[in-house]
Amino acid sequence: MPSSASRPGRRPDPATPRRWQQRLDRFRRSGLSVADFCDREGISTASFYTWRRRLQADPALNTADEPHLVPVRLVPPPPSAPVELLLPSGVVVRLSPDTDPAWLRQLLPLLGVASC
């Protein structure tokens, strides 16, 4: 009997990318080599590298259904100092203090940032 992984028309589990992102986060915190981490997790190094490549190539895969909230403390910037946003992709967006918030709300989704 064929395994469920080889059945035509099988739908991928939408939670799999989130589980792999969590696994890759554990790897970064572990301090282990890839081989040692994979042994500990009971996964192959090929799967590890495949999922790491997939999640880096398609940022939409590594976003969880739940919003990612982080604490933010706003302080008034010095006059005419740009405001910097560090996006999850690592891109830094510099904005003037008088940037129109409506324009920014339109821009962020185009840069791959989900709204809260």
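The values are calculated or read from the model by the stated rules, or taken from the named source; none is laboratory data. The shown structure was predicted, so the numbers you read here are calculated from the model rather than taken from an experiment. Cβ: placed from backbone, ideal geometry, glycine included. Neighbour counts: every protein chain shown. Only protein heavy atoms, including side chains, enter the accessible area calculation; ligands, DNA and RNA are left aside. Shrake-Rupley method; radii C 1.70, N 1.55, O 1.52, S 1.80 Å.
Of the numbered criteria (1) open to solvent by less than 40 Å² (accessible area, probe 1.4 Å); (2) at pLDDT 90 or above; (3) under 20 Å from the mean Cα position of the chain (by Cα), the one Thr16 fails is (2). Restricted to the range 101-114, and to residues there that are open to solvent by 70 Å² or more (accessible area, probe 1.4 Å) and among the hydrophobic types (A, V, I, L, M, F, W, C), the residue that is nearest to Ala57 (Cα to Cα) is Leu111. Taking the criterion of being within 29 Å of Asp58 (Cβ to Cβ), open to solvent by 60 Å² or more (accessible area, probe 1.4 Å) and either part of a helix (DSSP H, G or I) or not acidic (Asp, Glu) (or both), the residues of the range 78-100 that qualify are Leu86, Pro88, Ser89, Val91, Val92, Arg94. If you go through the range 9-46 one residue at a time, how many are among the hydroxyl-bearing types (Ser, Thr, Tyr), within 25 Å of Pro88 (Cα to Cα) and touching a helix residue (DSSP H, G or I) at 6+ places or on another chain (Cβ under 8 Å)? Within the range 9-46, residues that are among the hydroxyl-bearing types (Ser, Thr, Tyr), within 25 Å of Pro88 (Cα to Cα) and touching a helix residue (DSSP H, G or I) at 6+ places or on another chain (Cβ under 8 Å) number 1.
Among residues of the range 60-86 that are closer than 22 Å to Gln21 by Cβ and at pLDDT 65 or above, those with a Cβ under 9 angstrom from a residue that is open to solvent by 70 Å² or more (accessible area, probe 1.4 Å) and not aliphatic (A, V, I, L, M), sequence gap 6+ or separate chain, pair up as Leu61/Arg54; Leu69/Cys116; Leu85/Arg94. Entry remark, the range 33-42: residues being under 21 Å from the mean Cα position of the chain (by Cα) and either surrounded by fewer than 12 Cβ atoms within 10 Å (Cβ to Cβ) or not in a helix (DSSP H, G or I) (or both) number 0 in total.
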